[in-house]
Amino acid sequence: MKENKYLITVTNEEMLNWKVKNINFLFPIEGYSVGFLKTFSIEEVQTSHSFLYINRILDTEAILKLKEDLKKVTQNIIGICFTDLGLIRIVRELGLNLQLIYMQNHNTTNASSINYYLEDVDSVLVSSDITKEEIFAILNRANKPLVLPYFMRVEAMYSRRTLLTNYENHFGLEKENRKVLHEEISKMDFLAVENPYGTVLYTNKFIDYRSIKHENILYFFINPIGLDNKTIEGILKGEDLSSISDTGFLYKETYYRLKEEEK
Amino acid sequence: MNLPELLAPAGDLEKLQIAYLYGADAVYCAGKKYGLRANANNFTIEELRYAVKFAHSLHKKIYVTVNIIFHEKEVEGLEDYLKELDEIGVDAIIASDILVIKKAKELNLKLEVHVSTQASILNGESGLFYKELGVTRLVLAREASIHDIESIKKQTGLELECFIHGAMCTSFSGRCILSNYCTNRDANRGGCAQICRWTFEAEEEKEIFSMTPKDLNLIQYIEQMIKAGVNSFKVEGRMRGIYYIATVILVYRRILDKIRMHNLKEGEVNYYLDILNRCANRDSAPQFIEILPTEKEQYFLGRQELSNQDFLGMVLEYNEKTSEVTLEQRNYFKVGDIVEFFGPKLETFSYQIEEIFDVEDNKIEVANHPKMIVKLKVNTKLNKYDMMRIKVFDKQDYL
């Protein structure tokens, strides 16, 4: 069995001093990422074998600016994790030798689609919207090793609107760029994080997929937003974190056709 | 002047026929499988076959949504379904999963492939990615600005389709699974429970958190959008009724025709805007076309969605000899009411109801039973499927 490799989103600078094997850091990039409280300029990415995280849906102005900014990429940066498919073309056009990992978590729910994406990219993040059985079907059939959620908050919604600012402006409240929202019927909590490029609602509970093992995994993905470093290290050490996590949809299949009484 | 296509939603055959009749150049709908309105009536294959024949007999187009994000178990059956749609003769499918786009090309189908708004396209590079896959049209994200539209057109040369009217998600369409978490219903396979229209408690705040957007309405930007290169103006609302479809499509048909004739007046646009807002039961706003929406383009507490009872009746037939119109009642009306008739071949006109007759020609004072058949004397010639509504706005006041 090969050793696990981890891809961890950088949520604070202290993490960068960790002496842990097999970690590649993923830096949310200022101006091109959403859902993060801490972001970095491309020049600030000094750690070797790093990835840039560009998870914003890019409008015309943003992609033109990105094309310029990507010229600043140094040898420390080995790849980009992204969601806007337009990025593939600009990386090609600039002739950058970077690994590309497609991370649109809601689009990667079957092996056939993933294999089509893999014709253009090096790897793909497997969706967390599907069951364990579906994940294994994908891992078994994927033409390249994939990135698998390991321990993370799931991006449950991404809006271009500045929803927290709008709420605060409407009611004359103090400005905050993160807030926990509670939905009473489902008893679900979501963590809303806003920046000028939009608002992300994360599940407040993390999904814990640490039990999944498979040969066809390039990286295990950890998105620890909101966690302290001790807990993040606990993820890697296999500590029990059941108080802040659940198994998402691993054992709970979603449905979409309503029964008559639900209509 | 080459006008863009006016593209209407249709949840069933009746709505499809009304949409074409009221001026749509094309209609989009879904089959029983693979559409994002899984719980609408939708169309059987036989109904689709009929719909295609009907559309083509009018020299109009029909597109079918195949726009879910596929899980493993839905993949089997896709190829056969696409071949079936092709054999029926649908003009295009609207897809968001790369699997559907690639399959349609691999199968060498005659039908065109349009990329759904679910693909969140806001830049030309992203459009070119899909162009390389063989798509012929991009349905842009509703978050696209006029500048994005112009630029994408210039860069891709592809046909562009833009939503101009109707409800919208709070999120980028397709980038939300709140429904999955709150109800276990998969939003990206057609089960969306519209959680963004629910309310939330915000930690340490007394005020209820809401993120519901007002509807999209781009009536005042139509000319600008034509100049920017839009090829198809799309109206949302496959779950909406025939009155909504007829009203909205007719308004945009009239606007487009007036633009073609270079005689659209500002006052008319304001009149039509009031008609649209009234029939939707919701406030509307231009949303992202020029600026980033603020709290003013959202609903918070105090939102009222009044039930609209403006739609009074539909014309079943008109007897020119007796000037008698037979109507199917849709909402309460009575002698003395001031109403108006509108229809695709009709200049909207006001009318005060002086007498109402039942099917046995008895005089009655009120039409108060849903779908009851009544007769009125109306001197202006009416056509089947013209509609009668409460008169609220007078066009003359706007000119």
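Taken together, the values in this text are just the output of simple stated rules run on the coordinates, not laboratory data. For clarity, every value in this text was computed on a predicted model and none was experimentally measured. Positions of Cβ are backbone-derived with ideal geometry, glycine not excepted, and every protein chain shown enters the neighbour counts.
Need one number for the protein assembly as shown: average projected area of the convex hull over its C-alpha atoms, nm².
Numbers: hull surface 124.0 nm².
Projected area, direction-averaged: 31.0 nm².
Taking amide H atoms as placed 1.01 Å from N in the peptide plane, the amide H of residue A:245 lies under 5 Å from those of A:206, each 5 or more residues away in sequence or on another chain. For GluC sites (Glu not before Pro), the sites in segment A:67-132 that DSSP calls loop and that have at most 12 other Cβ atoms within 10 Å are A:119. Rg/Rh for segment B:91-158 (Cα atoms only, Rh after Kirkwood) is 0.97. Residues of segment B:371-399 with an amide N closer than 15 Å to a point placed 7 Å from the Cα of residue B:338 along the Cα-to-Cβ direction: B:389-398.
Give me the distance between the Cα centres of segment B:330-381 and segment A:1-61, rounded to whole Å. Their Cα centres are 67 Å away from one another.
Between residue B:390 and residue B:147, the C-beta separation translates, for a Förster distance of 45 Å, into a calculated FRET efficiency of about 0.65. With the convex hull drawn over the C-alpha atoms of chain B, the volume per residue is 166 Å³. The alpha-carbon atoms of segment B:296-370 define a convex hull whose volume equals 154 cubic angstrom per residue. Listed by chain and number, the aspartates and glutamates whose C-alpha is less than 16 Å from the C-alpha of residue B:53, apart from same-chain residues fewer than 8 away, are B:12, B:14, B:25, B:84, B:86, B:87, B:91. Taking a span of 24 Å or more along the helix axis (Cα atoms) and a mean Kyte-Doolittle hydropathy of at least 0.0 as the rule, the DSSP H helices of chain B that qualify are B:242-260. For chain A, how big is the tail of P(r) above 27 Å, as a whole percent of Cα pairs? Roughly 38 percent, once rounded to a whole number. Straight Cα distances below 13 angstrom link residue B:296 to the aspartates and glutamates A:168, B:215, B:283, with same-chain residues fewer than 8 positions distant left out.
Modelled label positions at residue B:203 and residue B:154, each set 7 Å beyond Cα in the direction of Cβ, lie 4.5 nm from each other. Provide the FRET efficiency to the nearest 0.05 for the residue B:132-residue A:136 pair, computing r from the beta carbons and using R0 = 30 Å. Efficiency computed from Cβ-Cβ geometry: 0.45. Compute the FRET efficiency between residue A:243 and residue A:187 as 1/(1 + (r/R0)^6), taking r as their Cβ-Cβ distance and R0 = 22 Å, and round to the nearest 0.05. Computed FRET efficiency for residue A:243 and residue A:187: 0.85.
Ignoring lysines fewer than eight residues from residue A:19 along the same chain, the ones with Cα atoms less than 19 angstrom from its Cα are A:5, A:230, A:237. In this simple spin-label model, placing a label point 7 Å from the Cα along the Cα-to-Cβ direction at both residue B:377 and residue B:296 gives a separation of 5.1 nm. For the pair residue A:94 and residue A:14, the difference between a 0.36 nm per residue extended length and the Cα-Cα distance amounts to 25.6 nm.
Considering all C-alpha pairs of segment A:1-96, those separated by over 20 Å amount to 35%. For segment B:62-104, applying the loop criterion from DSSP together with a ceiling of 14 other beta carbons within 10 Å to the GluC sites (Glu not before Pro) yields B:76.
For segment B:31-161, taking the reciprocal of the average inverse distance between every pair of different Cα atoms yields a Kirkwood hydrodynamic radius of 15.2 Å. Here segment B:330-386 yields Rg over Rh of 0.95, to two decimals, using C-alpha coordinates and the Kirkwood radius.
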